[in-house]
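*Asks:* Please read through the structure below; I'll follow up with questions.
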Amino acid sequence: NAGVTQTPKFRVLKTGQSMTLLCAQDMNHEYMYWYRQDPGMGLRLIHYSVGEGTTAKGEVPDGYNVSRLKKQNFLLGLESAAPSQTSVYFCASTWTRDSYGYTFGSGTRLTVV
Amino acid sequence: DAKTTQPNSMESNEEEPVHLPCNHSTISGTDYIHWYRQLPSQGPEYVIHGLTSNVNNRMASLAIAEDRKSSTLILHRATLRDAAVYYCILRSPGDKIIFGKGTRLHILP
């Protein structure tokens, strides 16, 4: 049982380049989330999805786009990377019921130079 | 989003119980209290959650005050592997969870 898998684990981008981070879950979870974590700080919510075909903005959505074409996948895109987007990105998923916890991936460490 | 307040850091000795406090005075009646922890260089990990009654699982216990304005995460016998940042979070019905700064727990050998 893989849980939540994030691809890639590490990436270095040049300013202005684009890339897509992939989050895949095999638990049939409805809700999926993208967070970023900067050094010494807690996690901040970028975007989230409450079901296939839906997306919504979180706390820090600027500079990112997302898509949820399939229930099991949630993609995070950076159209034109900036050094301020250097961070560790975590994906999470959960059931719809509020009584369930979130399952997190192991993270993608992104450096923009 | 309802807010929680936690101490920035705590220390405990190995093999002793640890009580991590959390205040959430603006909690609503339908908010679940969730606890997560984040080990160094890893993603957050679910620990435990509850609504009104105290809860136990293999990792920890959650004690919830009768008025639900505070809760305590209890690690019964801390090990060095329990050194992490612990987050207390309220989950509103159908809403996303927002992380605060959490409590950094140091375990002394």
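*Asks:* Which whole-Hz couplings ³J(HN,Hα) result when phi for each residue of segment B:77-86 is put into the Karplus expression 6.51 cos²θ - 1.76 cosθ + 1.60, θ = phi - 60°, listed in order with x for Gly and Pro?
*Replies:* Values, residue by residue: 8, 5, 10, 4, 6, 8, 5, 5, 9, 10 Hz.
*Asks:* While we're here: Have a look at A:77, A:51, A:40 and tell me which one the Gaussian network model of chain A (Cα, springs below 10 Å) gives the largest fluctuation.
*Replies:* Residue with maximal mean-square fluctuation among A:77, A:51, A:40: A:40.
*Asks:* GNM, chain A, Cα, under 10 Å: largest mean-square fluctuation among A:28, A:65, A:73?
*Replies:* Of A:28, A:65, A:73, the Gaussian network model singles out A:28 as fluctuating most.
*Asks:* Rounded, prolate or oblate: pick one for segment A:39-104, where a ≥ b ≥ c are the square roots of the eigenvalues of its C-alpha gyration tensor, a/c under 1.5 means rounded, and failing that, prolate if a/b is larger than b/c, else oblate. Numbers along the way, then the final one.
*Replies:* On the way: a/c = 2.28, a/b = 1.35, b/c = 1.69.
It is oblate, given that a/c is not under 1.5 and a/b is not larger than b/c.
*Asks:* In a Gaussian network model over chain A where Cα atoms closer than 10 Å are linked, find which of A:12, A:66, A:88 has the largest mean-square fluctuation.
*Replies:* Answer for the Gaussian network model of chain A: A:12.
*Asks:* Classify the protein assembly as shown as rounded, prolate or oblate, taking a ≥ b ≥ c as the square roots of the eigenvalues of its Cα gyration tensor: rounded when a/c is under 1.5, otherwise prolate if a/b is larger than b/c and oblate if not.
*Replies:* Prolate.
*Asks:* Express the relative contact order of chain B as a whole percentage, based on alpha carbon pairs under 8 Å and six or more residues apart in sequence.
*Replies:* Reported as a whole number, the value is 37 percent.
*Asks:* Of the listed pairs B:3/B:69; A:9/B:96; B:3/B:96, which have alpha-carbon separations greater than 21 Å here?
*Replies:* Working: B:3/B:69 11 Å; A:9/B:96 24 Å; B:3/B:96 13 Å.
Beyond 21 Å between Cα atoms: A:9/B:96.
*Asks:* May I ask for the distance between the Cα centers of segment A:1-74 and segment B:40-75, given as a whole number of Å?
*Replies:* Result: 26 Å between the Cα centres.
*Asks:* Continuing with this model, one more query. Over all distinct Cα pairs, what is the inverse of the mean 1/r for chain B, reported as the Kirkwood hydrodynamic radius in Å?
*Replies:* Values: mean 1/r = 0.0720 Å⁻¹.
For chain B, the Kirkwood estimate is 13.9 Å.
*Asks:* So, one more: Once Lys and Arg get +1 and Asp and Glu get -1 on their Cβ, which of B:97, B:12, B:55 lies farthest toward the positive end of the dipole of chain B?
*Replies:* Selected residue: B:97.
*Asks:* If you split all Cα-Cα distances of segment B:1-55 into 10 Å bins from zero, what percentages do you get per bin, shortest first?
*Replies:* Here the calculated profile for segment B:1-55 is 18, 47, 31, 4.
*Asks:* Extent of chain A along each principal axis, from alpha carbon coordinates, in Å, largest to smallest?
*Replies:* Computed over the Cα atoms, the extents are 40, 28, 26 Å.
Where a number appears in this text, it was derived from the coordinates with a stated rule and is not lab data. On a predicted model such as this, the values are computed, not experimentally measured, just so you know. A quick note on method: Cβ atoms are made from the backbone with ideal geometry, for glycine too, and the neighbour counts reach across all protein chains shown.
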